[in-house]
Structures are given as structure tokens and as C-alpha cells.
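Below is one structure; the comments refer to it alone.
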Amino acid sequence: MPRASGKGYRQRPLRRYGFFIAIAGLLALLLLQTSPRLSEGVEPIRTAASDQLYHVTRPSLIDRISGASAKERRILELEARVRELAQYKALALTMAERLEVYEDILNMQGEPGGAEVTARIMAETDGPFAEALLANAGATNGVQEGYYAENDRGLVGRVVQVGQRSSRILKITDFNSRVPVMGEASGLRAIMFGGRDGLGRLTDLPEQDDFLPNERILTSGEGGLFPRGVVVGHVRGKTDKEVRVDLSMLAGQLSYVRLKPTITVAPPEAFPVETEVADLGEGDGS
Amino acid sequence: MNSLREIPDWLALRWENARPRSRLVIGAFVVAMIGLVGLTPKSFFGVPLAWPYVGLIAAVGWGRSGLGFGPMVFLLLFGFAQDASQAPWGSHGLANLLTYGFSAMVTQMADTERTPVLSFALPVVTLLFGIGLVWLTASISSGHFVRVAPMLTAYFATLFVHMLISPLFDLGTQRHAMGGAGR
């Protein structure tokens, strides 16, 4: 084969000119970027280009086939959630410390705690007669009748029967369940019972005022069956006759529940101040 | 089975008859694909893999057919795509184009077809030239000499991949024409 003579190069110098112009242009571009202001100007282009390339190439084909991409995405989601929760935890710890200080300043009496038990739900009966749960904690674990149960989202029910190793919890979705509740914002009181559609129904509503739309519903603590302030749900909607409540516990898991005693504060007459009265009597006599 | 055996022959015949512009587009497509895969995380049993500078492979291969506007445009585009990571704009394009010009110059000056040693040495030298340019621009832009070891592993990866896919960057133009295939 004949050796190249370079004749083509001489005949078509335009390509060579183009080549050198391109080289000069690139060198000029590189030099221009030594200016910080110009460099900052082109940075958004780089960011946009990087984003586009990132979305095109991630996850890789191998990851898509092997399913690793789905796992990786899930891990990223969970990591983001953990980071978010860590922020909340830090905030909660700070707030708890502040609350303790405020309570000390105000000389506020704290509520006594009780023995709490976490129990696993072994069986669930959603029959036509009663909606109840069977938990694997009973009298030997310290559970007593009247304990209330809550999951990670809110109130689940109340312990109505206790055996040695198990207990039965009547869910708040049961028709026969009655929970004294109140609106968190409006402060209105009512009684909630379970409906057939899995929603709570409010009865004994106040005549003058209405619950607010989407208002959070908490236990009112009246009657002493449940402590005050446990989350029950939020107002879903109102018809002519009744207010319906979306129950928070249904959004959480029902495999494990926390059984807690309802701490009631004894009335003053239960523990009268006898010593002071005696002292006063003695003073009058003298 | 016979039909399966005929596939490489059929492909070789099609490649032989392909026009320079088609060959250029196919080569560009291969570069784009390898480049895109290169952007994803790569590891082999937990060991991160070095990825070749496939733009340089194209520059060396296309440079053998002489200068042309088409390859120059593609090499510039590949350069800008490579710059999207964190390099200064134009640095990879400069390395690609200079390697392209260097390959064209060496091919014109030396009779690589009659001298097998040269045909072997040409890509070794030109790719080293290209990688050296990337190292130089990275060092200049960062203000200090960047590490050589990663560049060397990338160089060997580039050389290895070049041996596998270099025929795809033969534009098939006659030497005496030296016109490239871009136009």
C-alpha cells in the first residue's frame, strides 16, 4: 500500500485550521475559568449537567437486574428517616430538659407512673359480637383489668379481662366501647364509640359548638377509664347527626401494644388533712 | 448452528462495506455507552474498578484516518460530557483533541502498516500522551501535582479496552485521501 504523502493535508488545510481553532478555543475556555467570577457563572451548568447524568445512570443496569437498586433506594429512604428522627430525638431531649426546669420553677407536681407492659397480640376477633385483641401478657406480668392499650399511633382499647398469662383488650372500634374524648383545639367534650365502618362516632355532642374540621381527638380523662391526653384520632367529617373520627391506631401496627395503668388522682376527701384539723381544734380550746 | 456461525462473517462484511460516517456514528455510540456505564459505581467483589478514558481511545482510532470535522465535534462533545463531573470545562476536550491530532500526526509521519512494532507502539504512546495531558490539566487546575497511581491504572484500563474495541474506530478511509470521515 502506498505510504501517505500528506498531500491530503496540504489540499485541505481547512481541517487543520479548524483543529487549531478548536484547540485555541479550549485553551481560552480553560483560561477564562481561572477568573472566579466566570467560574461561578458556569457552575450552575455543571450542576445541571451532573444532575442529568446522575439520573440517567443511576441505578446501573446491573443493579436494576439484580434488584439491588430497590434495596439501595429503601436503605436511602430509611437513612433519611433515621436522620429526621434523630433531629426529633435531639429536640425532644432538649424540650424534656426545659420542661423539667419549668416544672421545678413552678413547683409542679408530676404524675405518678405505673408499671407498663409491652405485649404481643396473639389473636384478634373482629366478629359481629365484639372487636377484641388477645395479648400475651396477664396477671403474672402485672396487667390488671382497666389497663388501657396503645400502639405507636394512639389508643387501641382497654383491658376488659385478665388471665394468668393473657389479657383481652376491647378495641375502641367496638360498638360497645365508650371513650370520653375531647377536641384538642376546641376543647369540646363527647363520647366516642366504634362504628361498623372502622371509624369512630361521637355522641353526646355539645349543642352550642362544633368540633373543628380535622381536629385531633384526645381522651378527656373523664370517668377515670382512660388518662387524659391520649391520641385517639382526628375529625374526619360531620353529618347531620354525628361526627366521624379517623382512628389513629389503624395507621400503626397492631402486632404489639403497650398496656398501661390509668393513673387516677384521688379526690381530696379520700385523704383529708387530719393533723391540721386536730391542731386547729386544740388552738380553739385554749 | 450454521446460521449462528455466519453471524460474525455477516457482521464483518457489513462493517467492511460501511461508510465512514456510519462508522463514525457507531464509534461515537460505543463511546457514549461505555462512558455512561462508567458514570455508575463499579466494583468487582468489592474492589473498585478503574474505568478507561474511552474518549482517548476514539481519538487515537479516529486520528489514524487523519483530521476531520466530524470526529473533532464528537471528541469535543465527549470532552464536555467528561468535564461535567468536576473538571474545568474544556480540559478533557483539549486532551481528546490533542491526542487526536497527535495520533493523526504520528500516523502520517510513520509507516505503521509496514512496521508491526510501530502499529503496536502507536496506541501505547498516544494513549500515554492523552492520559499525561489529563494529568497535566488536572494538576494545573488544582494547583498541585495530582496522584499518578489512579491515572496509571486508568491508562492500563484504557490500553486494555483499546485492544478490544479499536477496530470500531477505524473509519475506513484511504490513507492517501486523509480526509477523515466527518465530512
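The values are calculated or read from the model by the stated rules, or taken from the named source; none is laboratory data. Just so you know, these numbers come straight off a predicted model, no measurement behind them. Ideal geometry is used to build each Cβ from the backbone, glycine not excepted, and the neighbour counts take in all protein chains shown.
When you scan the stretch B:83-97, do you find a residue that is within 16 Å of the chain's Cα centre (by Cα), in a loop (DSSP other than H, G, I, E, B) and either at the interface with another protein chain (Cβ under 9 Å from one of its Cβ atoms) or modelled with pLDDT of 85 or more (or both), even just one?
No, because not a single residue in the stretch B:83-97 is within 16 Å of the chain's Cα centre (by Cα), in a loop (DSSP other than H, G, I, E, B) and either at the interface with another protein chain (Cβ under 9 Å from one of its Cβ atoms) or modelled with pLDDT of 85 or more (or both).
Could you please let me know if A:GLY6 is modelled with pLDDT under 75 and either surrounded by 14 or more Cβ atoms within 10 Å (Cβ to Cβ) or at the interface with another protein chain (Cβ under 7 Å from one of its Cβ atoms) (or both)?
For A:GLY6, the condition - modelled with pLDDT under 75 and either surrounded by 14 or more Cβ atoms within 10 Å (Cβ to Cβ) or at the interface with another protein chain (Cβ under 7 Å from one of its Cβ atoms) (or both) - is met.
Here are the criteria: (1) buried (at least 24 other Cβ atoms within 10 Å of the Cβ); (2) modelled with pLDDT under 75. Tell me which single one B:PRO8 does not satisfy.
With (1) buried (at least 24 other Cβ atoms within 10 Å of the Cβ); (2) modelled with pLDDT under 75 applied to B:PRO8, the lone miss is (1).
Within the stretch A:60-77, is there a residue that is modelled with pLDDT under 90, assigned to a loop (DSSP other than H, G, I, E, B) and surrounded by 11 or more Cβ atoms within 10 Å (Cβ to Cβ)?
yes
If A:LEU199 satisfies all but one of (1) of a type outside the set (Phe, Trp, Tyr); (2) closer than 27 Å to A:GLU124 by Cα; (3) at pLDDT 90 or above, what's the number of the condition it fails?
Failing condition for A:LEU199: (3).
Somewhere in the stretch A:39-56, is a residue in a helix (DSSP H, G or I), at pLDDT 80 or above and either within 14 Å of another protein chain (Cβ to nearest Cβ) or over 21 Å from the mean Cα position of the chain (by Cα) (or both)?
no
Does B:GLY55 meet the test of being in contact with a His (Cβ under 8 Å, 6 or more places away or on another chain), within 14 Å of chain A (Cβ to nearest Cβ) and outside any loop (DSSP other than H, G, I, E, B)? Step through it out loud before you land on a result.
Values: in contact with a His (Cβ under 8 Å, 6 or more places away or on another chain): yes; within 14 Å of chain A (Cβ to nearest Cβ): yes; outside any loop (DSSP other than H, G, I, E, B): yes.
Against the criterion (in contact with a His (Cβ under 8 Å, 6 or more places away or on another chain), within 14 Å of chain A (Cβ to nearest Cβ) and outside any loop (DSSP other than H, G, I, E, B)), B:GLY55 qualifies.
For the stretch B:51-69, give me each residue that is surrounded by fewer than 19 Cβ atoms within 10 Å (Cβ to Cβ) and either modelled with pLDDT under 85 or over 23 Å from B:LEU122 (Cα atoms) (or both).
If the condition is that a residue be surrounded by fewer than 19 Cβ atoms within 10 Å (Cβ to Cβ) and either modelled with pLDDT under 85 or over 23 Å from B:LEU122 (Cα atoms) (or both), then B:TRP51 is the only one that fits.
Evaluate the stretch A:244-259: report whether one residue or more is part of a loop (DSSP other than H, G, I, E, B), closer than 21 Å to A:ALA190 by Cβ and at pLDDT 85 or above.
Going residue by residue through the stretch A:244-259, those that are part of a loop (DSSP other than H, G, I, E, B) are A:252-255.
Restricting the remaining residues to those that are closer than 21 Å to A:ALA190 by Cβ gives none.
No, the conditions are met nowhere in the stretch A:244-259.
Select from the stretch B:111-139 the residues that are over 16 Å from B:LEU98 (Cβ atoms) and at pLDDT below 85 and list them in ascending order.
Matches in the stretch B:111-139: B:ASP111, B:THR112, B:GLU113, B:ARG114, B:THR115, B:PRO116, B:VAL117, B:LEU118, B:SER119, B:PHE120, B:ALA121.
If I ask for residues that are more than 10 Å from chain A (Cβ to nearest Cβ) and part of a loop (DSSP other than H, G, I, E, B), which ones from the stretch B:62-82 would you list?
B:ARG64, B:SER65
Which numbered condition trips up A:THR262, out of (1) assigned to a strand (DSSP E or B); (2) modelled with pLDDT of 80 or more?
That leaves (1) as the condition not met.
Looking at the stretch B:115-127, is at least one residue aromatic (Phe, Trp, Tyr), part of a helix (DSSP H, G or I) and touching a Phe, Trp or Tyr at 6+ places or on another chain (Cβ under 8 Å)?
First, the residues of the stretch B:115-127 that are aromatic (Phe, Trp, Tyr): B:120.
If we keep only those that are part of a helix (DSSP H, G or I) as well, we get B:120.
Among the residues that remain, those that are also touching a Phe, Trp or Tyr at 6+ places or on another chain (Cβ under 8 Å) are: none.
No.
Quick one: what pairs do we get from the stretch B:151-164, first residue more than 15 Å from B:GLY35 (Cα to Cα), second outside any helix (DSSP H, G or I), C-beta under 6 Å, 6+ apart or different chains?
Hits for this filter: B:THR153/B:ALA50.
Based on this model, can you work out whether A:ALA123 counts as at pLDDT below 85, assigned to a strand (DSSP E or B) and touching a Ser or Thr at 6+ places or on another chain (Cβ under 8 Å)? Let's see the steps before the verdict.
Numbers: at pLDDT below 85: yes; assigned to a strand (DSSP E or B): yes; touching a Ser or Thr at 6+ places or on another chain (Cβ under 8 Å): no.
The answer is no for A:ALA123.
Residue under question is A:PRO180, and the condition is that it be more than 11 Å from A:VAL245 (Cβ to Cβ) and exposed (fewer than 15 other Cβ atoms within 10 Å of the Cβ); does it hold? Working first, answer last.
Working: more than 11 Å from A:VAL245 (Cβ to Cβ): yes; exposed (fewer than 15 other Cβ atoms within 10 Å of the Cβ): no.
No; evaluated as a whole, the condition is false for this residue.
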